[in-house]
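Values in this text are rule-based calculations from the coordinates and carry no lab data. Quick caveat: nothing in here was measured; it's all calculated off a predicted structure. A quick note on method: Cβ atoms are made from the backbone with ideal geometry, for glycine too, and the neighbour counts reach across all protein chains shown.
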Amino acid sequence: MAPGIVVIEDEEAIASAIAVRLRSAGYDVVVAYDGPSGVDTVLSERPALVVLDLMLPGLDGLEVCRRIQSDRRVPVLMLTARDTETDLLVGLGVGADDYMTKPFSPRELVARVQAILRRAEDATAVPGVKLLEVGDIEIEIDARRVRRHGDEVYLTATEFDLLSCLAQRRGTVMSREQLLADVWGYRDGSGARTVDSHVRAIRRKLGNEIIRTVHSVGYAVEDSVRA
């Protein structure tokens, strides 16, 4: 049975183009054109993934994301015509797994959807490693939980995969291209800003010291991590 996808987009031409492309890639697609009907559709259809526009009538994309995530964890690819860092971080903060700014290529949209669904099925893990510690932060690999000072901190699926990818390679500086390939499954090097935005989102939740920036190279978690 093909994975179900709900597209919530108020511009009919864009919604139709997205639906056609995703259906041609083998997905079952249902479209909603405003925030309230989008929430209702997700709750009734229980899709494998939601493609969600940020600017919607009735309820904006951020509120839609909050509401659909309160029912159950569902991967979300957010679409936005706005490209400011604040907008992107807020979107990631309410549970979006990835974002794309308009205009975007249909080919890249399908690639992002495939990568998100693949990550949802195949959690990043290293055999035999159950717990990683980064200072006062504990990362439970198998349970996909993160705690700081003993309190659980919610990370999106992508944020967890990115953090665990770096933590399991502690002391190694990973380029944006490596992270895009290992975490997102992108092999063409596109989406460097996606990595930067997710790193910022993780730092907002866990502290600036959790991930070190190596300018002009990439990111690293230091050797102080204990396994």
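Ordering 3-12, 66-75 by mean Cβ neighbour count within 10 Å, with the highest value first, yields 3-12, 66-75. To the nearest ten degrees, helix 157-167 and the longest principal axis of the Cα atoms of the chain are 20 degrees apart. Computed from phi, the 3J(HN,Hα) profile of segment 112-121 under the Karplus parametrisation 6.51, -1.76, 1.60 (θ = phi - 60°) reads 5, 4, 4, 5, 5, 5, 5, 5, 5, 8 Hz, with x in place of Gly and Pro.
Under 5 Å from the amide H of Y186 lie the amide H atoms of A181, each residue being 5 or more positions distant or on a separate chain, with H modelled from the backbone and absent for Pro and chain starts. Taking Cα atoms only, the orientation of helix 12-24 departs from the longest principal axis of the chain by about 70 degrees. Here's how it looks for Y99: its modeled amide H is under 5 Å from those of M78, which are all 5 or more places away or on a different chain. Around the amide H of A32, modelled in the peptide plane, lie the amide H atoms of V7, I8, E9, all under 5 Å away and 5 or more residues distant in sequence or on another chain. The phi-based Karplus calculation (6.51 cos²θ - 1.76 cosθ + 1.60; θ = phi - 60°) puts the 3J(HN,Hα) values of segment 137-147 at 10, 10, 10, 8, 5, 5, 7, 6, 10, 10, 10 Hz, whole numbers, x for Gly and Pro. To the nearest ten degrees, helix 35-45 and the longest principal axis of the Cα atoms of the chain are 80 degrees apart.
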